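The values are calculated or read from the model by the stated rules, or taken from the named source; none is laboratory data. From a predicted model like this one, the values you see are computed outputs, not experimental measurements. Neighbour counts run over all protein chains shown; Cβ positions are idealised from the backbone, glycine included.
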Amino acid sequence: MLIYKIFRADEWAALQAQGETLGAPVDIADGYVHFSTAAQARETAAKHFAGEGELTLLALDADALGEALRWEPSRGGALFPHLYRPLRLSDVIWHKPLPLADGLHRFPPEMT
């Protein structure tokens, strides 16, 4: 199963340059890297990245992250994937731009 992370341009650039990251400021504050399932990603984008352009969508294989990935309740009691170790560039299966058009983020076709 693929899970997804949305990064701002500077966060994505830092991961590419350093090879790993503790995540965005919210991730660092919470002590884990937040992810979303395909079904949760649009709401995550709307809630936390409304109106923001220059985003990158990362896809990772949940099973490959092993015991460091935990599914924990969040919005409305839904289970969200949280990574309790640095996110490594080598964890990323693919990455794609997440453009903003007409006020909404355009997700890649494979997520529709």
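Candidates Ala50, Ala46: the one that is hydrophobic (A, V, I, L, M, F, W, C), assigned to a loop (DSSP other than H, G, I, E, B) and under 25 Å from Pro109 (Cα atoms) is Ala50. Taking the criterion of being in contact with an Asp or Glu (Cβ under 8 Å, 6 or more places away or on another chain), farther than 25 Å from Pro109 by Cβ and buried (at least 19 other Cβ atoms within 10 Å of the Cβ), would at least one residue in segment 24-34 satisfy it? The answer is yes, given that some residue of segment 24-34 is in contact with an Asp or Glu (Cβ under 8 Å, 6 or more places away or on another chain), farther than 25 Å from Pro109 by Cβ and buried (at least 19 other Cβ atoms within 10 Å of the Cβ).
Consider segment 6-54 and keep the residues that are of a type outside the set (Asp, Glu) and on the phi > 0 side of the Ramachandran plot. The one that is modelled with the lowest pLDDT is Gly51. Does Thr44 satisfy the criteria of being in contact (Cβ under 8 Å) with a residue 24 or more places away in the chain, polar (S, T, N, Q) and crowded, with 20+ Cβ neighbours inside 10 Å? Here the answer is yes, as Thr44 does meet what is asked. Scanning segment 55-98 for residues that are at pLDDT 95 or above and part of a loop (DSSP other than H, G, I, E, B), we see that the one that is surrounded by the fewest Cβ atoms within 10 Å (Cβ to Cβ) is Tyr84. Residues of segment 45-98 that are in contact with a His (Cβ under 9 Å, 6 or more places away or on another chain) and among the charged types (D, E, K, R): Glu52, Arg70, Glu72.
Is it fair to say Leu55 is in contact with a Lys or Arg (Cβ under 8 Å, 6 or more places away or on another chain) and under 24 Å from Pro108 (Cα atoms)? Spelling it out, Leu55 is indeed in contact with a Lys or Arg (Cβ under 8 Å, 6 or more places away or on another chain) and under 24 Å from Pro108 (Cα atoms).
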